[in-house]
Every structure is written in C-alpha cells, then in structure tokens.
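Just passing along the structure, written as structure tokens.
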Amino acid sequence: MNPRLRWRKFVSNFMLTMTGLCAVVAVSVLFFILGYLVYHGGTSINWNFFTKLPTPVGETGGGMANAIVGSAKLLLLASLFGVPIGFFGAIYLAEFSGGTVAYVVRYAADLLNGVPSIVIGIFAYGLVVLPFKHFSTLAGGFALGLMMIPITLRSTEEFLHAVPRELREGAMALGASKSRTIATVIVPAAYRGIVTAILLAFARVAGETAPLLFTAFGNRFWSPGWGQPTASLPVMIYTYAVAPYDDWHRQAWAAGLVLLGLILVVNIVARGILARGIAVPRS
Amino acid sequence: MHASVRPAVTVNITPNIGSGAASQAAPASLPLRMTISKVNFFYGSKQVLFDVSLGIATNKVTALIGPSGCGKSTLIRTLNRMYETVRNARLEGEILLDGQNIFAQDVTLLRRRVGMVFQRPNPFPKSIFDNVAYGLRVNGTKLPLAEAVEKSLRHSALWDEVKDHLHKSAYELSGGQQQRLCIARALAVEPEVLLLDEPCSALDPISTAKIEELLVQLKDLCTIITVTHNMQQAARISDFTAFLLTGQLIEFSPTPQLFTTPSDPRTEAYITGRFG
C-alpha cells in the first residue's frame, strides 16, 4: 500500500470515528439527563407525588398534583392559541402571499422567536394580567402560546415548501382548486413534518419558566377554572430548587423527571399516530 | 424583442397532409379537438414561444418533439393553463377546445376536460384507490367510486397488478406502475384530451414500452398530446408530429411524412441526429 493511500484510509477512518462519536454524544446527552433526574428525583416519585397537593413549609411529603394539572392546562391553552395561528399563517405564507409580504412576516417571526421569554412574560402581564387585575391560567397560556407561534409558523412553512411541486400540479391538473389542493394533498404530504414541528414547539414551551412567573404566577392549591393563578411544573422546579429544604430539592428533581417524562409520552404517542399515514418518499 | 424572429416556414394550422407544404386544409374526415393559433408565450420578458399555431386532431396522438429548451413543455402546459401557476408567465394568442376559448372558461373545469400526466410519476401520498378516486371526489361525482376506479385502472392496464391491494400506499408500486396509476388517475375524470409531458423519461425500457402501447389504445377514449424528446417514441406512437426549435414551430405533419420526407432542412437535421 502506498503512503498516499494509507494516509487517505487513515483520514477516512479518523473522520468516521469522529462523526460516529459525535452522534453517540448527541444521543447520550438525553440519557444522561434522564439518568441524572432519576438518580436525584426517582425516590421522591410515588403515588402521592401525582395525587397530593404540596405540603406546608416544614412538613415533608405531599405532591405536585396541582402543578401537573396546571402545566397540562397551560399547555392546552397555549396549543389552542399558538398552533392554529402558526399553522394557518404558514399556509398563507407558503401558498398565497407575495414575496415581500412573506419576507416581512418571516423576518418578524424570526425576531419574535428570538425575543427572550421573560419579555414575552412581561408583555402578557401588561396585556392580560393588568386588565383582569390578577394572575391567571389564561395569562400563562397566552404567554406560552405566543412563543409557540413563530416556531410553528416557520417550521410548518418550511415543510409546506418541501412538498414536491409535482404533487401540487398533479392535483391541480385534475381540476382541484387551490384550497382543495392544499387541504387534500399538500398538507397531508407535509403533515408528518408539521406535527413534528408542533411537538418541538410544545416541548420547548412546556419547560418555560420565565413567561409564567408573572402570568400564571404559582399556587400551592388547586386552581379552578382559567381565571386563577395556577401552579406549573417549571415554576415549581424553580421555587423548590432555590428553597433551603432538602425535601423540596428532591421534589424539584422529581418534578423535572415528571416534566421530561410527560413530554416524552406526548412525543411517543404522536409519533405512533404519525407512523400510520403514508409518507412521501424522499427522492 | 417582440417576435423579432419569425418562423421561416409558414405553418398551417392543420398538418400538411399529402405531399409538400403546399397542401393546406386537413381532410374533412379529421375533426380538430383543439386549435392553437398564434400563441406567443413569455416568462417575464423572455419570449419562449413564437407565433405557434397548430390543430390537434380528435382521437389521434399528436407528438411534440424538439431539443431541450425548445418550448415543447411550455406549449403543452398552455393547453390546460398549467403555466398559470408560474409567476410572470404570460400568453398571447388563442387556444380553442371544441371551438370554445379555453381562457373564457373556469380553469378547474377546463382541467377536468384536459387531463395531464407529468414527467415524473407523482402519485399522492394516499392509497392506490384514493389516488384514482381523487379527481372524482374533487369533482363531486355521483358515480359509484369503486366501479369508476376499476374502469380507469383497467384502461391504464394496471388493474390486474393492483386489484388485490388497492388500499396499499401508491408508493409501493414500481416507477412504471406509478406512472400508469397517474394515467388512470387522469382518465378517471374522463377527459377529452390527455396531455403527457415526457411521460416515459423517468422509466426503464420495459415500462416505457407498456406505456407506449397503452397510449395507442387510449386514442379511442380521448385525444392525446405527448411531449417527447425521444424521436423513436414519437415515430412509434403518434399520428402527427410537431417539431419545435427555439420556440418556433418548424414543421407539423403526419408522423410518417415528418420522419421520412421532412420538408424543412432543420427537421431533417434534427431527426437524423445532427443536433439536439
């Protein structure tokens, strides 16, 4: 084997090892975090954690049932608000708007995506909390929903653009109107990507703490309806982690584990549903 | 810039039946399904078709041939107004379908009457059945779907291959089967004219042969216009051939005549393989 060839084989093997290593690291981060959470919080997870309210300061035990339900309500509200706006906005951008409008909206969405979440919180505080004169689930859901809009919009638009032109033309050549083409061919062709994007947006805001601090605020009790301040897992983690009690620290770890677990479950269920449809093969 | 280059040969709207370019009218026995007159076509300020006029004979196969970029795809895409999906595209001239101006009609109705099959098979991400039924559903048909789907799949010679798995994904079919599925999909709405834009360019020779055979049979159902840059294919399947070069219609004749005794030296140069 001549030296040149040997060198090339060496470089090839070296790069292959490096890329493989990076892939392993990327995946193992998730497992590392999971393991760390289980190690610290696993012992605090029991039936009470899911069913009981937090105990008063000084007493051990109790749970975060109100925070789990609170987070679910906040995320439901955020999705109901943010996903449709992002989704239909993306359809307009990708299918109907002219170049200039699309450019401006896209740019604005990117900027909105870059707005620090605490600023979103202040905005929701000014717009929803102040007029209603108290913190509420509604205000928290609104803040989180705002954050979902740009993520949903931009990624949905990308996936719509990625639908092959031939599919559009195929539908239109059969006498389908533009709206019909979008509803029956383009969105179905892109929906795997779109749902993945929505899940990412969902997971992203599920862990947001800052926008909730002065919108949903927090609550050590149940929060009936939508107009009361509510507990949520990320805010609970924040409050419990900075408190000086060991039991609270363990519960904060447990809350982190539950939050991650819930996001994983939503993700897996959604992917299970997705797998049933027919995907456009990559060409 | 406006049509500064005129076709050197005056092209009659009907193919040159008989010998030489002198013969003018088509025989009375040749009714025309579509008439294209003096079509100029522009993408922005770039003109890609110059004064193209030709008649499409009913229930015949008309082939458009020419080198890449000659405008044959553009021409076929004017016939169902598919060019309108491209920004800045503009057309001057007149195109008639059964004597009616296609630009005066609702575009979705026009596309039901003038079906199209594309270069690459483009089945929808749906089942085989739903692909064929798509056009019928869009058009709100009252016909029983299952019968109509079977009929179309039989017409496109695909029925025997797919009848046992109609509800499988269309992407599980081979490329050639996918293209025949697309033909079935187009046939399902019973178009009067079927446009095919290089339908075999992405297929292997065996699939190509099947589609060619199919097209010849489909003549009885509808009028067929096909774009190809495969001259042998045009010679095998078409009744009339139009030769385009740089946006101009150079020659339009019955296929045997165009390939054996072309009247224009450029046609001869092209079909003998001197360029293109």
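Any read-out appearing in this document is the output of simple, stated calculations on the displayed coordinates, not a laboratory observation. Keep in mind that this is a model prediction, so the values were computed, not measured. Because the Cβ atoms are built from the backbone with ideal geometry, glycine has one as well, and the counts that use them run over all protein chains shown.
Which of rounded, prolate or oblate describes the protein assembly as shown when judged by the alpha-carbon gyration tensor and an a/c cut-off of 1.5? Before the final figure, lay out the partial values.
On the way: a/c = 2.73, a/b = 2.41, b/c = 1.13.
Since a/c reaches 1.5 and a/b is larger than b/c, the shape of the protein assembly as shown is classed as prolate.
State the antiparallel share, in %, of DSSP beta bridges confined to the protein assembly as shown, rounding to the nearest 5. It would help to have the intermediate numbers written out before the result.
Working: 26 of 43 bridges.
In the protein assembly as shown, DSSP labels about 60 percent of beta bridges as antiparallel.
Relative to the Cα centre, what is the charge dipole magnitude of chain A, using +1 at the beta carbon of each Lys and Arg, -1 at the beta carbon of each Asp and Glu, and rounding to the nearest 20 debye?
On the way: 20 positive and 10 negative charges, 186 e Å.
Magnitude of the dipole: close to 900 debye.
Using amide H atoms built 1.01 Å from N in the peptide plane, name the residues 5+ places from B:A89, or on other chains, whose amide H lies under 5 Å from its own.
Result for B:A89 returns B:G44.
Let me ask you something else. Would you calculate, for chain B, the mean residue ellipticity at 222 nm contributed by helices, counting each DSSP H stretch of 4 or more residues as -39,500 (n - 2.57) and dividing by all residues, to the nearest 500?
Working: 10 runs with 88 residues, N = 276.
Theoretical 222 nm ellipticity from helices: -9000 deg cm²/dmol.
Which of the lysines could be linked to B:K163 by a straight reach, that is with a Cα gap under 29 Å, when you skip same-chain ones fewer than 8 residues away?
Straight-line reach from B:K163, under 29 Å: B:K126, B:K142, B:K151, B:K210, B:K219.
Hey, what angle do you get for helix B:145-155 against the long axis of chain B, alpha-carbon based, 0 to 90 degrees rounded to 10?
Between helix and principal axis, roughly 50 degrees.
Looking at the stretch B:162-276 only, what percent of DSSP beta bridges run antiparallel? Nearest 5 please. Mind dumping the intermediate values first?
On the way: 6 of 11 bridges.
Bridges in the stretch B:162-276 are about 55 percent antiparallel.
Only bridges whose two residues both fall in the stretch B:32-271 count here: according to DSSP, what percent of them are antiparallel, nearest 5? If you can, show how the numbers build up before the last one.
Numbers: 25 of 42 bridges.
Roughly 60 percent of the beta bridges in the stretch B:32-271 run antiparallel, per DSSP.
Give the residue from B:F243, B:P265, B:A89 lying farthest towards the positive end of the charge dipole for the stretch B:32-271; charges sit on Cβ (+1 for Lys and Arg, -1 for Asp and Glu) and the dipole is referred to the Cα centre.
Among B:F243, B:P265, B:A89, the one farthest towards the positive end of the dipole of the stretch B:32-271 is B:A89.
Once fully extended, how much extra length lies between B:H167 and B:N139, figured as 0.36 nm per residue of separation less the alpha-carbon to alpha-carbon distance? Please report the intermediate quantities before stating the final value.
Details: separation 28, 0.36 × 28 = 10.08 nm, distance 2.12 nm.
Full extension from B:H167 to B:N139 adds 8.0 nm.
What is the set of long-range amide H partners of B:R33 at a cut-off below 5 Å, with H atoms built 1.01 Å from backbone N?
Amide H neighbours of B:R33, under 5 Å, 5+ apart: B:I56, B:A57, B:T58.
Can you give me the distance in nm between label points at A:R271 and B:T85, each placed 7 Å from the Cα along the Cα-to-Cβ direction?
3.3
Could you give the size of the charge dipole of the protein assembly as shown about its Cα centre, using +1 on the Cβ of each K and R and -1 on the Cβ of each D and E, expressed in debye and rounded to the nearest 20?
660
Pop out the ³J(HN,Hα) list for the stretch A:168-180 in order, Karplus 6.51 cos²θ - 1.76 cosθ + 1.60 with θ = phi - 60°, rounded to Hz; leave Gly and Pro as x.
Taking θ as phi minus 60°, the curve returns 4, 5, x, 5, 5, 5, 8, x, 7, 6, 5, 5, 5 Hz for the stretch A:168-180.
Report the one residue of A:I68, B:L109, A:A190 whose Cα lies farthest in the direction of the positive end of the charge dipole of the protein assembly as shown (charges on C-beta: Lys and Arg +1, Asp and Glu -1; origin at the Cα centre).
The listed residue farthest towards the positive side: A:I68.
For chain A, go through all pairs of different Cα atoms, get the mean of 1/r, take its inverse, and jot down that Kirkwood value in Å. Before the final figure, lay out each step's value.
Values: mean 1/r = 0.0464 Å⁻¹.
One over the average 1/r among Cα pairs gives 21.6 Å for chain A.
Sequence-distant or interchain residues sharing an amide H contact under 5 Å with B:L196, placed H: which?
Amide H neighbours of B:L196, under 5 Å, 5+ apart: B:V117, B:I225, B:T226, B:V227.
Dipole size in debye (nearest 20) for the stretch B:76-215 around its Cα centre, Lys and Arg Cβ +1, Asp and Glu Cβ -1?
Values: 18 positive and 19 negative charges, 90 e Å.
So the dipole magnitude of the stretch B:76-215 works out to roughly 440 debye.
Taking the Cβ of each residue in A:F214, A:F159 as the centre, tally the other Cβ atoms inside 10 Å and list the residues starting with the fewest.
Details: A:F214 18, A:F159 22.
If I rank by nearby Cβ atoms, fewest first, I get A:F214, A:F159.
Something else: At 222 nm, what value in deg cm²/dmol follows for chain A if DSSP H runs of at least 4 each add -39500 (n - 2.57) and the sum is divided by all its residues, to the nearest 500?
Mean residue ellipticity at 222 nm (helix-derived): -23000 deg cm²/dmol.
Can you sort B:K46, A:K133 so the residue with the fewest Cβ neighbours within 10 Å comes first? Intermediate results must be reported in sequence, preceding the final value.
Values: B:K46 10, A:K133 7.
Going from sparsest to densest Cβ surroundings: A:K133, B:K46.
At a threshold of 8 angstrom on Cα-Cα distance, excluding pairs fewer than six apart, so keeping six or more, what relative contact order does the stretch A:1-134 reach in percent? Present the calculation step by step, with values, prior to reporting the outcome.
On the way: 35 pairs, mean separation 11.6, N = 134.
Once divided by the residue count of the stretch A:1-134, the mean separation gives 9 percent.
Further question: For chain B, take the longest principal axis of its alpha carbons; what is the angle in degrees between that and the long axis of helix B:128-138, to the nearest 10 within 0 to 90?
70
Could you list A:F202, B:F252, B:F129, A:F221 so that the one with the fewest beta carbons within 10 Å of its beta carbon is first and the one with the most is last?
Values: A:F202 22, B:F252 26, B:F129 19, A:F221 12.
Ranking A:F202, B:F252, B:F129, A:F221 by Cβ neighbours within 10 Å, fewest first, gives A:F221, B:F129, A:F202, B:F252.
Moving on to the next point. Towards the positive end of the charge dipole of the stretch B:32-271, with charges on Cβ (+1 Lys, Arg; -1 Asp, Glu), say which of B:T208, B:F42, B:A234 has the farthest Cα.
B:F42
Can you give me the angle between helix A:3-41 and the longest principal axis of chain A, using Cα atoms only, in degrees from 0 to 90, rounded to the nearest 10?
30
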